[in-house]
Amino acid sequence: VSTQSTGSRGQQEMAIPGFQIRLKRVGGILRGLQQAKEEGNAVKYLASYWLKAQVIRLTLNWREAVAHSKTPQLRVLVAQLQVCPLDPEANLDRLEAIVRNRRSRATDQVDGVDMVVTPECFLQGYGFPPLASDAPGSLDKAKEHMLGVAELRDGPGFERVSSLAADTGISVVYGYIERSGEGTEVYISLNWVGPDGGLRHTYRKTHPWIQSPFEQVFTPGDRLSPVFELNGVRFAFLICWDLELPEPARVLALAGAEVLLVMGANNDELVLSSVVRVRAAENLCHVLYVNNLGDGRFCGMSTAANPIGECMLTFPKESQHVQVVEFNPKQPQFLEVRKTNPQFQTRRPELYQDLAH
């Protein structure tokens, strides 16, 4: 609670968010209490004052709730799940159970959710053999195997997710291994399926982690995610290693993204504990990272950070967890930090030309 001048009248007020109580009213209450005490009715007066305080509190909460409901917001159900390699049906069963079972303990907040986001390669799994190696022909054999595992962007996995989204009215963003229409290339991709079941966008990972024998067979995507808008919130997609390079997040933030939705298959705890917060703070946006689980190779710890770099949530390590996170980029504190923090205004792009090479 702070005090501030009210201007020409020279009175001071107690600054409570969304509600102003003048100090003179407090003085009146104290005088009334003293008078009631002198008359022997202090208990009665205290009871009356307590009731008034409850009314004020409830009114304040109601006003804040109304203001909050009018602020553009995106509610995302974060699904940190144990993925079964090469078993799309089992993985989709798990996802469908989470979305449909609205009364379960893990999903009691699913009502009102706008979007569900899964980890990277959720449909078929990540890191399964055969993997590329230095042996002659190994890369070709691994790619051939991956082409057999991959699906078209509108394949069986999409059809089932489309039905789920249309039935529940909730958007679903799921990761999978995509086969090109020509059947010659494979990508690490995500599909965004709208609440009507339509395919809104396919994003292909633009920066495969080439140190991984698993990712050496994948073709990089040739463009970053567009910036989309849902419920008045602007957002864009990245996949895993895309976020660990600073350029993609900065480009999307400059394009107007307020929330970066990232899915990963990561075993580096530093990324989840620090890099996510750094990307959020340096780009003045929210960042959500939904991480994979499986065989101890991925560390879980899905997390989200706000534009101030504060951690909004951290999931358990190496265990399944589902939770709703709400992004409210138009909240006054975030609007203020974007207004006063000169992250973008002090840039000098003419000095960064070498970044294009």
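The values are calculated or read from the model by the stated rules, or taken from the named source; none is laboratory data. Because the structure is a prediction, the values reported are computed rather than measured. Please note: Cβ atoms are built from the backbone with ideal geometry, for glycine as well, and neighbour counts cover all protein chains shown. We work out accessible area using only protein heavy atoms, side chains counted, and drop any ligands, DNA or RNA first. Shrake-Rupley method; radii C 1.70, N 1.55, O 1.52, S 1.80 Å.
What is the set of long-range amide H partners of Val116 at a cut-off below 5 Å, with H atoms built 1.01 Å from backbone N?
Excluding prolines and chain starts, which carry no amide H, the hits are Leu77, Ser171, Val172, Val173.
Roughly speaking, to the nearest percent, how much of segment 267-310's 1.4 Å accessible area is carbon and sulfur?
That fraction is 48 percent.
For segment 187-329, rounded, prolate or oblate, judged on the Cα gyration tensor with a ≥ b ≥ c (square roots of eigenvalues), a/c < 1.5 rounded, else prolate if a/b > b/c?
Taking the square roots of the gyration eigenvalues as a ≥ b ≥ c, segment 187-329 is rounded.
Can you list the residues, at least 5 places off or on another chain, whose amide H is less than 5 Å from the amide H of His201, using H built in the peptide plane?
Trp192
By the scheme Lys and Arg +1, Asp and Glu -1, what is the net charge of all other residues having a beta-carbon under 12 Å from that of Thr303?
For residues surrounding Thr303, the net value is +1.
Under the rule of at least 5 residues apart or a separate chain, name every residue whose amide H is placed under 5 Å from the amide H of Ser302.
Asn291, Phe315
Under 12 Å from the Cβ of Gln345, count the other residues' Cβ atoms, weight Lys and Arg +1, Asp and Glu -1, and hand me the total.
Neighbour charge sum, excluding Gln345 itself: +4.
Using a probe radius of 1.4 Å on heavy atoms only, what accessible surface per residue do you get for segment 251-357? Whole Å² is fine.
The answer is 46 Å² per residue.
Note down the nm distance, to one decimal, between modelled labels 7 Å out along Cα→Cβ at Arg348 and at Leu254.
1.6
Local charge sum around Gly256 (other residues, Cβ-Cβ under 14 Å, Lys/Arg +1, Asp/Glu -1)?
+2
How high is the relative contact order of segment 255-319, given as a whole-number percent (alpha carbon pairs under 8 Å, six or more residues apart)?
Reported relative contact order: 32 percent.
Go through segment 343-357 residue by residue and turn each phi into a ³J(HN,Hα) via Karplus (6.51, -1.76, 1.60, θ = phi - 60°); whole Hz please, and just put x for glycine and proline.
Those phi angles translate into 3, 8, 5, 8, 5, 10, x, 5, 8, 10, 4, 5, 5, 7, 10 Hz.
Can you compute the label reach from Leu147? Point 7 Å from Cα along the Cβ direction, backbone N cut-off under 12 Å, restricted to segment 165-192.
Counting backbone N atoms under 12 Å from the label point, the list is 179-186.
What FRET efficiency do you get for Thr340 and Cys311 if R0 is 30 Å and r is their Cβ-Cβ distance, rounded to the nearest 0.05?
0.90
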